[in-house]
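J.: Okay, handing you the structure first.
Readers should treat all values here as calculations from the given coordinates under stated rules, not as data from a laboratory. Computed from a prediction, not measured in an experiment: that's the story for all the values here. Neighbour counts are summed over all protein chains in view; Cβ atoms, including those assigned to glycine, are modelled from backbone coordinates with ideal geometry.
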Amino acid sequence: MTEEQILYEGDWLRFCRRGTFEYVRRVRGRAAAIIIAMTEDRHVVLVEQYRHSMDCSALELPAGLVGDEVVTREETILEGAQRELLEETGYEATRMHLMHYGPASSGLSSELMYFCYAEGLVKRHEGGGDATENIIVHHAPLVTIHDYLASAQERGLSIDPKIYLGLYWIGQRS
């Protein structure tokens with residue numbers, strides 16, 4: 001195997017090459033926690049935020065990096081998931097379960113995604129993210145979620161395909 005060459009390192013990403021293959025590694029954060037959360041009245045909790053890489057707003061499952069700040073360096077995946085759920089949506093889960101993990105995009109990045117299922121949601125505040133984010137919280141009725149997502153896409157939102165994996169896990173838990 002050829003040696004990894006660092007092409008560039010920013011605050012959050014390291015751009016690498018091994019032979020002729022280029023990819024990125026995270027500089028900060030061990031992994032991404034993706035949270036699947038549904039309210040007691042069976043509404044899936046989604047978040048909308050502008051994504052610079054796509055130059056548009058995206059509808060997504062709540063998510064965030066685990067261990068990306070000094071104060072969160074030692075947190076577990078489930079602790080990071082709980083923190084991100086509360087920060088982005090204002091919900092706290094009484095139970096958080098790890099459902100699955102795997103690569104975000106194995107041909108592009110070394111990042112791992114951990115899918116966590118949140119149960120027993122308790123609303124603590126309105127959410128919206130931290131000072132660097134402008135997150136809008138959505139509550140999509142599970143029974144009409146496909147129509148909800150189609151309507152959001154028609155309005156110009158990018159629909160993150162991880163939502164569909166979340167729906168699979170909801171089906172497995174219901």
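J.: Using a basic spin-label model with each label point 7 Å from the Cα along Cα→Cβ, how many nm lie between residue 155 and residue 42?
T.: 2.3 nm
J.: So, one more: Under the rule of -39500 (n - 2.57) per DSSP H run of 4 or more residues, summed and divided by the residues of the chain, what mean residue ellipticity at 222 nm is obtained, to the nearest 500 deg cm²/dmol? Show your work: numbers first, answer last.
T.: On the way: 3 runs with 35 residues, N = 174.
Taken over the chain, the calculation gives -6000 deg cm²/dmol.
J.: Could you order peptides 92-104, 29-41 by the average number of other Cβ atoms within 10 Å of their residues, highest first?
T.: Numbers: 92-104: 14.5, 29-41: 20.4.
Ranking the peptides 92-104, 29-41 by packing returns 29-41, 92-104.
J.: Which of the listed residues, 150, 86, 62, is farthest toward the dipole's positive end in region 30-173, when Lys, Arg count +1 and Asp, Glu count -1 at the beta-carbon?
T.: Result: 150, furthest along the dipole toward the positive end.
J.: Restricting to bridges with both residues inside region 30-173, how much of the DSSP beta-bridge set is antiparallel, in percent to the nearest 5?
T.: Values: 27 of 35 bridges.
About 75 percent, rounded to the nearest 5.
J.: Calculate the dipole size of the chain relative to its Cα centre from +1 charges on Lys and Arg beta carbons and -1 charges on Asp and Glu beta carbons; express the result in debye to the nearest 20. Before the final figure, lay out each step's value.
T.: On the way: 17 positive and 27 negative charges, 87 e Å.
For the chain, the charge dipole is close to 420 debye.
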